[in-house]
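Colleague: Just passing along the structure, written as structure tokens.
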Amino acid sequence: MIAFAALLERLAFTPGRNAKIALLRRYFATTPDPDRGIGLAALTGELAFATAKPALIRELAAARTDPVLFGWSYDYVGDLAETVALMWPAAATSAAPPRLAEVVATLGGAARGDLPGIVAGWLDASDAPVRLALLKLITGGLRVGISARLAKVALAGLAAGRIEADAIEEVWHGLAPPYEALFAWIEGRGPRPDPEDAPVFRPPMLAHPLEPEDFATLDPALLHAEWKWDGIRVQLVATAGGRRLYSRGADDISAAFPEIIEAMAFRGVLDGELLVMRDGAVAPFADLQQRLNRKTVSARMLRDFPAGVRLYDLLFDGAEDLRPQPFAARRARLEAWYARVCPPRMDLSEIIDFASLDELAALRAGARAASIEGLMLKRRDAPYVPGRPRGLWWKWKRAPLTIDAVLMYAQRGHGKRSSFYSDYTFGLWRDDVLVPVGKAYSGFTDAELVWLDRWVRNHTTARFGPVREVEKSLVLEVAFDAAQLSARHKSGVALRFPRIARLRTDKPAAEADRLESLLRLVGRVSAVAG
Amino acid sequence: MTPPHPRTWLKVTPAGLWCEPGDFHIDPLRPVARAVVTHAHSDHARPGHEAVLASPATLALMRTRMGEGAGRTRQPLGWGERLRLGAVDVWLEPAGHVLGAAQVAMEYAGSRAVVSGDYKRRADPTCAGFVPIPCDVFVTEATFALPVFRHPPADAEIARLLASVLLFPERTHLVGCYSLGKCQRLIALLRAAGWDRPIWLHGAHVALCAAYEALGVPLGDLRPATAAAKADLAGAIVLAPPAAAGERWARRLADPVVCAASGWMRVRGRARQGGVELPLVISDHADWDELVATLREVAAPEVWVTHGREEALIHEAAKYGIAGHALRLLGYGEEDEAAA
Ligand SMILES: [Zn+2]
Ligand SMILES: [Zn+2]
């Protein structure tokens with residue numbers, strides 16, 4: 001576990017994305033199988049297990065440390081696992097620190113009663129960083145703050161350009177720890193692991209925001225337009241090997257939406273928007289939110305918040321890969337497929353007729369439904385390209401001004417809210433570092449406040465008095481009335497009346513907005529105002 | 001006749017610890033007629049005293065830091081040389097903290113007290129190692145007196161730094177460290193680890209490095225960072241005061257990896273407060289185990305505990321039958337926040 005602990009230690013203090021990738025790549029390149037595969041699983045959240053409870057750690061500490069000194073130390077450090085890792089007394093042992101694979105295998109087979117002795121033995125054989133990693137791992141408190149995607153980008157780095165991260169994505173969900181076949185493929189020692197019939201995820205195609213300067217380059221005759229629905233983007237995968245519903249960040253959300261899985265009596269891969277729909281009418285995003293982030297779902301939730309999918313695209317019809325075909329051809333196949341299969345709980349995203357961009361702008365301005373976020377423009381001749389290729393798809397969002405920011409710090413509120421972390425500092429990306437751009441303490445519902453408070457407590461990485469620094473992984477859509485340049489702010493911009501418009505739990509932090517986009521927006525807004 | 005208890009002749013005054021029968025202060029907080037100074041850190045060595053008694057290296061470093069303020073008359077005292085001040089025998093033994101750092105031993109009418117100043121027990125190529133002195137009262141520092149503070153081996157921390165330089169060869173590694181002691185120890189550790197390339201210095205570190213070299217501590221090829229071409233600093237190691245990373249000065253550096261070398265880096269919350277990307281746990285103070293071991297080694301029946309977490313060390317000392325008292329001397333430890 002030495003290399004894994006050293007990696008966690010560095011990741012915990014490394015803000016830059018590229019630096020994180022370099023650290024991960026070195027770990028994967030220098031750690032032998034099966035440890036690195038187990039490490040990969042731990043980093044990507046595939047190894048979520050909480051064998052030991054914090055009470056076990058307390059008991060171990062009580063047996064081996066002075067309670068008075070432990071109390072003072074815990075007060076000073078503020079984190080149970082860290083306190084124990086740091087103050088665990090040296091014991092004479094000839095044992096080497098456990099290997100990661102050994103820890104996982106041992107815990108899998110250990111009887112509850114044997115656990116304290118096993119863990120104490122490991123702690124005796126380890127130094128402080130290894131003890132901390134071990135305690136966090138076995139209590140399920142390992143918060144690495146990196147996305148699964150970042151790990152895949154780092155893995156692709158081992159392939160010296162032969163394999164892209166997207167290619168790894170396409171086999172990922174057919175694999176299991178310790179991923180030895182994956183490493184063999186990446187290192188050129190083995191064939192591509194054939195997912196065969198496994199329902200694997202395909203990296204989605206994403207749109208660029210439509211900027212004013214793009215208008216001149218657009219030819220209406222070459223474009224399809226659709227409404228951009230305000231749900232979450234999903235991928236439906238049904239093969240002989242199973243059915244899966246994935247978020248666009250490759251999270252498997254099948255268990256939360258059993259009615260969709262049930263409706264997938266076909267073979268193919270589809271791209272669509274997950275929505276709460278009642279009689280074909282789309283409910284506000286807040287309704288869908290009731291259904292997100294759940295491991296199971298009650299009959300009542302299924303009845304009150306029925307989910308459906310509005311289909312955008314057909315990527316595979318059976319085993320036939322349609323992605324190289326132009327959008328127009330895929331759309332024709334989608335319509336034919338839909339007429340043939342008639343899947344329940346699904347409908348087709350409507351194609352909007354328009355003759356000119358002015359007409360489209362008028363349609364956009366006239367769209368009043370809250371469930372419409374704006375318009376999507378897609379080139380008729382564009383293949384389905386993973387990632388965010390330039391000049392093929394655009395999203396044309398409606399006003400008001402919003403940004404997707406990342407939660408950085410939370411502070412307890414006052415009065416009724418004094419026990420809640422209700423003041424949120426959010427930031428945007430500059431290069432690969434987050435820069436705080438503002439604070440918001442309104443806009444959310446009471447239920448969202450409870451959720452946010454719990455999220456903050458469970459994802460705290462540091463505390464300073466009433467302020468907690470959190471893992472940089474929660475995206476908040478922040479709405480605001482105006483923005484102006486400000487020398488007093490580190491970001492160079494001040495937001496007027498920022499409020500939380502919604503919690504974007506579906507969006508990876510790396511895809512939050514960039515500071516330069518906000519600055520461009522400010523430039524444009526003040527140009528209009530001035 | 002039983003010897004007088006040190007509390008009857010070693011007293012806390014507003015100016016600091018005062019040895020009455022010798023009429024001198026140890027590390028006084030304000031200008032006094034006669035000061036005995038343990039080491040040249042600014043919370044221990046303050047300017048404006050009439051007469052200063054200290055180790056030769058401490059006197060030289062005080063001159064470098066404060067020029068004429070280093071005392072009107074300055075008297076060097078070599079290790080172990082006894083000097084009679086009033087009715088008291090005074091001598092100095094190494095404290096192992098920084099170059100010149102001394103413990104002050106005092107004997108009066110058969111009663112002996114030792115003031116440790118700041119000390120560490122690890123080997124340090126830039127200064128003489130700590131010498132335990134049996135005594136009746138041991139006045140100890142307690143900067144890291146909590147069992148969470150256990151410093152790992154310094155060479156392992158240097159190995160982490162060098163591994164990071166290897167991983168990010170295009171970036172500057174900017175190591176925040178205190179200008180007296182920590183800076184030179186880091187350089188010596190880097191040299192011992194085989195780093196023979198130039199080490200670049202912030203201006204605040206240049207004069208004290210030169211003083212160390214003049215006192216016989218070789219540090220190798222040192223260069224001022226202000227004189228570096230941008231290309232020189234890619235893959236380079238630069239030493240600077242901890243705050244320098246946030247200054248305009250740092251713009252010359254190549255996408256710096258901000259490192260900090262201090263015992264406080266052991267605790268994540270402390271390391272995060274400084275915006276540090278690579279915390280290095282390297283300290284010039286004794287860690288918890290070393291504090292406790294030192295109390296047992298000097299075998300004083302009574303310890304007075306100063307600057308730090310007195311309560312924890314007193315609690316632990318009691319287990320060994322050692323009576324501990326907190327000696328509330330305000331004003332120490334300010335520099336240690338950065339220098340520890
Ligand atoms: Zn000092
Ligand atoms: Zn001090």
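Colleague: For chains B and A, what's the summed buried accessible area, probe 1.4 Å, to the nearest 100 square angstrom? Intermediate values should be presented prior to the final figure.
Modeller: Values: alone 13530 and 24110 Å², together 35010 Å².
Answer for the B-A pair: about 2600 Å² buried.
Colleague: Now a separate question. Which value, in debye to the nearest 20, describes the size of the charge dipole of the stretch B:154-280 about its Cα centre when Lys and Arg Cβ atoms bear +1, Asp and Glu Cβ atoms bear -1, and nothing else is charged?
Modeller: 380
Colleague: Going by amide H atoms built from the backbone, whose H comes under 5 Å of the H on A:G438, apart from near neighbours?
Modeller: Under 5 Å from the amide H of A:G438 lie the amide H atoms of A:F426, each far enough along the sequence or on another chain.
Colleague: Is any residue of the stretch A:460-504 close enough, with backbone N under 14 Å, to a label point placed 7 angstrom from the Cα of A:R430 along the Cα-Cβ axis, and if so, which?
Modeller: Within reach of a label on A:R430, which here means backbone N under 14 Å from a point 7 Å along Cα→Cβ, the stretch A:460-504 contributes A:485-494.
Colleague: For the stretch A:2-139, report the accessible area per residue in Å² (1.4 Å probe, heavy atoms, rounded to an integer). Spell out each step's value before the answer.
Modeller: Numbers: 5420 Å² over 138 residues.
That works out to 39 Å² per residue.
Colleague: Taking every pair of alpha-carbon atoms in the stretch A:323-443, give the share separated by more than 21 Å as a whole percent. Please list the in-between numbers first.
Modeller: On the way: 4653 of 7260 pairs.
Beyond 21 Å sits 64 percent of the P(r) for the stretch A:323-443.
Colleague: Could I ask something else about it? Considering only protein heavy atoms and a 1.4 Å probe, what is the carbon-and-sulfur percentage of the accessible area of the stretch B:4-74?
Modeller: Numbers: 1410 of 2670 Å².
Carbon and sulfur: 53 percent of the exposed surface of the stretch B:4-74.
Colleague: Can you tell me the relative contact order of the stretch B:147-248? Whole percent, Cα pairs under 8 Å, sequence separation 6 or more. Display every interim value, and only then the final one.
Modeller: Details: 127 pairs, mean separation 41.1, N = 102.
Computed value for the stretch B:147-248: 40 percent relative contact order.
Colleague: Based on Cβ point charges of +1 for Lys and Arg and -1 for Asp and Glu, what charge dipole magnitude is obtained for the stretch A:401-529 about its Cα centre, in debye rounded to the nearest 20?
Modeller: Values: 20 positive and 15 negative charges, 84 e Å.
Once rounded to the nearest 20, the dipole reads 400 debye.
Colleague: Give the accessible surface of the stretch B:154-280 per residue, rounded to a whole number of Å², with probe radius 1.4 Å and ligands, DNA and RNA excluded. Working shown, then result.
Modeller: On the way: 4730 Å² over 127 residues.
For the stretch B:154-280, the per-residue accessible area is 37 Å².
Colleague: Report Rg/Rh for the stretch A:101-190, rounded to two decimals, where Rg is the Cα radius of gyration and Rh the Kirkwood radius.
Modeller: Values: Rg = 16.8 Å, Rh = 15.5 Å.
Expressed as Rg/Rh, it is 1.08.
Colleague: Buried by at least 50 Å² relative to the chain on its own: which residues of the stretch A:9-28 qualify, computing accessible area with a 1.4 Å probe on protein heavy atoms?
Modeller: By number: A:R10, A:F13, A:R26.
Colleague: Follow-up. Which Rg and Dmax, in Å, describe the Cα atoms of the stretch A:166-206?
Modeller: For the stretch A:166-206, the Cα-based Rg and Dmax read 10.4, 33 Å.
Colleague: From the phi angles alone, apply the Karplus equation (6.51, -1.76, 1.60; θ = phi - 60°) to the stretch A:88-95 and give each ³J(HN,Hα) in whole Hz, x where the residue is Gly or Pro.
Modeller: Values, residue by residue: 3, x, 5, 9, 5, 8, 9, 6 Hz.
Colleague: Among A:A405, B:P279, A:A5, pick out the residue whose Cα is farthest towards the positive end of the charge dipole of the protein assembly as shown, where Lys and Arg carry +1 and Asp and Glu carry -1 on C-beta, about the Cα centre.
Modeller: It is A:A405.
Colleague: Could you pull the Rg and Dmax for the stretch B:163-313, using just the Cα atoms, both in Å?
Modeller: Over the stretch B:163-313's Cα set, Rg and Dmax evaluate to 17.5, 59 Å.
Colleague: Any residues in the stretch A:61-83 that have 10 Å² or more less accessible area with all protein chains than in their chain alone, probe 1.4 Å, and which are they?
Modeller: A:D66, A:V68, A:L69, A:W72, A:S73, A:Y76, A:V77, A:E82
Colleague: Just want the answer: with Cβ charges of +1 for Lys and Arg and -1 for Asp and Glu, which residue in A:A95, B:C19, B:Q103 is farthest toward the dipole's positive end in the protein assembly as shown?
Modeller: Of A:A95, B:C19, B:Q103, it is B:C19.
Colleague: Something else now. Over the stretch A:2-139, with every protein chain in place, what whole percent of the accessible area is carbon and sulfur at 1.4 Å, could you tell me?
Modeller: Working: 3110 of 5420 Å².
Reported share for carbon and sulfur atoms: 57 percent.
Colleague: How far is it, in nm, from the label point at B:A123 to the one at A:R514 when both lie 7 Å from their Cα along the line to the Cβ?
Modeller: Going from the B:A123 label point to the A:R514 one covers 5.1 nm.
Colleague: Turning to a different aspect of this structure: Counting alpha carbon pairs within less than 8 Å and at least 6 residues apart, what relative contact order, in whole percent, applies to chain B?
Modeller: Working: 781 pairs, mean separation 57.4, N = 340.
RCO, chain B: 17 percent.
Colleague: Now a separate question. So, how do all the Cα-to-Cα distances of the stretch A:420-498 break down into 5 Å bins, in percent, from 0 on up?
Modeller: Result returned by the calculation: 3, 13, 23, 24, 19, 13, 4, 0.
Colleague: Please report the Cα spread of the stretch B:1-90 along all three principal axes, rounded to whole Å, starting with the longest.
Modeller: 47, 29, 19
Colleague: Enumerate the whole-percent occupancy of each 5 Å bin, from 0 to the last occupied one, for all C-alpha pair distances of the stretch A:2-139.
Modeller: That works out to 2, 9, 19, 22, 20, 14, 9, 4, 1, in percent per bin.
Colleague: Tell me the volume per residue, in Å³, of the convex hull enclosing the alpha carbons of the stretch A:208-397.
Modeller: Values: hull volume 23.1 nm³, N = 190.
Per residue, the Cα convex hull of the stretch A:208-397 comes to 122 Å³.
Colleague: Which of A:P326, A:P67, A:W185 sits closest to the plus end of the dipole of chain A, meaning its Cα is farthest towards the positive end, when Lys and Arg get +1 and Asp and Glu get -1 on the C-beta?
Modeller: Result: A:P67, furthest along the dipole toward the positive end.
Colleague: Label points 7 Å out from Cα along the Cβ direction at B:Y320 and A:R189: separation in nm?
Modeller: Inter-label distance under the simple model: 5.1 nm.
Colleague: For the stretch A:263-341, take N as its residue count and report Rg(C-alpha) divided by 2.2 N^0.38 Å.
Modeller: Values: Rg = 14.9 Å, N = 79, 2.2 N^0.38 = 11.6 Å.
Expressed relative to 2.2 N^0.38 Å, the Cα Rg reads 1.29.
Colleague: Taking 7 Å along the Cα-to-C-beta vector as the label spot, tell me the A:T445-B:A231 distance in nanometres, rounded to one decimal.
Modeller: The two pseudo-label positions are separated by 6.2 nm.
Colleague: Continuing with this model, one more query. Would you work out the charge dipole size for the protein assembly as shown about its Cα centre, treating the Cβ of every Lys and Arg as +1 and the Cβ of every Asp and Glu as -1, and quote it to the nearest 20 debye?
Modeller: Numbers: 104 positive and 101 negative charges, 246 e Å.
With Lys and Arg at +1 and Asp and Glu at -1, about 1180 debye.
Colleague: Sticking with this structure for a sec: Probe radius 1.4 Å, ligands and nucleic acids ignored: give me the carbon and sulfur share of the accessible area of the stretch A:267-314 as a rounded percent.
Modeller: Details: 1050 of 2120 Å².
Carbon plus sulfur share of accessible area: 49 percent.
Colleague: Hey, got the Cα dimensions of the protein assembly as shown along the principal axes, in Å, largest first?
Modeller: 111, 69, 58
Colleague: Continuing with this model, one more query. Binning at 10 Å from 0, report for chain B what percent of all alpha-carbon pair distances ends up in each bin.
Modeller: 6, 26, 33, 22, 10, 3, 0, 0
Colleague: Additional query: Give me the residues in the stretch B:271-285 whose solvent-accessible area, probe 1.4 Å, is reduced by at least 50 Å² once all protein chains are included instead of the chain isolated.
Modeller: Checking the loss per residue gives B:R272, B:E277.
Colleague: Additional query: If you average the sequence gap of Cα pairs under 8 Å that are 6 or more apart and divide by the length of chain A, what percent do you get for the contact order?
Modeller: Values: 909 pairs, mean separation 62.8, N = 530.
Contact order relative to length: 12 percent.
Colleague: Might you tell me the accessible area per residue for the stretch A:214-259, computed with a 1.4 Å probe and given in Å²?
Modeller: On the way: 1590 Å² over 46 residues.
For the stretch A:214-259, the per-residue accessible area is 35 Å².
The values are calculated or read from the model by the stated rules, or taken from the named source; none is laboratory data. Just so it is clear, the structure is predicted and the values come from calculations on it, not from any experiment. When we count neighbours, we look across all protein chains shown, and the Cβ atoms used for this are built from the backbone with ideal geometry, even at glycine. These area figures cover heavy atoms from the full protein model, side chains too; ligands, DNA and RNA do not enter into them. Shrake-Rupley method; radii C 1.70, N 1.55, O 1.52, S 1.80 Å.
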